[in-house]
1. Could you pull out every residue, at least 5 positions away or on a different chain, whose amide H is within less than 5 Å of the one on Gly138? Hs are placed 1.01 Å off N in the peptide plane, and Pro or chain starts have none.
2. Under 5 Å between amide H atoms, partner at least 5 residues away or on a different chain: which partners does Leu120 have, H built in plane at 1.01 Å?
3. Under unit Cβ charges (Lys, Arg +1; Asp, Glu -1), what dipole magnitude, rounded to 20 debye, does the chain have relative to its Cα centre?
4. In whole Hz, with x marking every Gly and Pro, tabulate ³J(HN,Hα) for the range 10-17 from phi via Karplus 6.51 cos²θ - 1.76 cosθ + 1.60, θ = phi - 60°.
5. Could you do me a favour and compute the accessible area per residue for the chain, 1.4 Å probe, result in Å²?
6. Would the range 30-79 count as rounded, prolate or oblate if I go by the C-alpha gyration tensor, calling it rounded below 1.5 in a/c and otherwise prolate when a/b exceeds b/c, oblate otherwise?
7. Rounded to a whole number, what % of the accessible area of the chain do carbon and sulfur atoms account for, probe 1.4 Å?
8. With unit charges on the beta carbons (Lys and Arg positive, Asp and Glu negative) and the dipole taken about the Cα centre of the range 91-202, which residue among Ala129, Leu196, Ala155 sits farthest to the positive side?
Amino acid sequence: MLRQVAEGVLVHESEFCQSNAVVVHGRAGVLLIDPGVQGHEMACLANDLSDSGQTVVAGFSTHPDWDHLLWHAQLGAAPRYGTARCAATVRVQLSDPGAKARIAAHLLETEIAGQVPLDLLGLITALPAETAQIPWDGPGVRIIEHQAHAPGHAALFIAERGVLVAGDMLSDVLIPMLDLNGTVDPIEDYLAALRLLEGVAG
């Protein structure tokens, strides 16, 4: 069920790791950020949007972890954006023909085994490097790219609504997860990103 957190901004919290799908209302439809994990949750979200007369006109994945790259056919065929580095990372990941099978095998060890649709995984359109705003017909959504947690990670700031979407950088239930690949000082990268988000939130 969608819960309003600000004017024109709603959140659906997944049962899995309490991750958030975020819906932002625009003039011609909604922007959907990190749409969810389980198939039934995404289908429910699609039905809720349809029942309220809304369609998804754009999507955004905050980072290239599998649980932020999912999609459901009922959400439609809107462009799904990510930063250039996020999209490049996804291309490399999915160039391995066994990638989806490994994710499915990993999920067998969890309570959501068999409930995650992987057919539309990772169909991300790269935004040009240094893009500052998501291209869509709605309130301005600023892209705040940083080097913590995952390659090409981006928080999103919806200034008109006073909302910051942190995308796994902040959690009430999980410890911070550092990006340990290709970085000299992952702890400092994480702290730098937190300072960046704190500055925006302030």
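The values are calculated or read from the model by the stated rules, or taken from the named source; none is laboratory data. Given the structure is predicted, the values throughout are model-derived calculations rather than measurements. Positions of Cβ are generated from backbone atoms using ideal geometry, with glycine treated the same way; all protein chains shown enter the neighbour counts. For accessibility, only protein heavy atoms count, side chains too; no ligands or nucleic acids. Shrake-Rupley method; radii C 1.70, N 1.55, O 1.52, S 1.80 Å.
1. So Gly138 has HN proximity to Arg27.
2. Here the answer is Trp71, since their amide H atoms fall under 5 Å of that of Leu120.
3. In total the dipole reaches around 520 debye.
4. For the range 10-17, the Karplus curve yields 10, 10, 10, 8, 6, 5, 8, 6 Hz.
5. Values: 9910 Å² over 202 residues.
For the chain, the per-residue accessible area is 49 Å².
6. On the way: a/c = 2.29, a/b = 1.42, b/c = 1.61.
Oblate shape, in that a/c is at least 1.5 and b/c is the bigger or equal ratio.
7. Heavy-atom surface of the chain belonging to carbon and sulfur, 1.4 Å probe: 54 percent.
8. Farthest towards the positive pole: Ala129.
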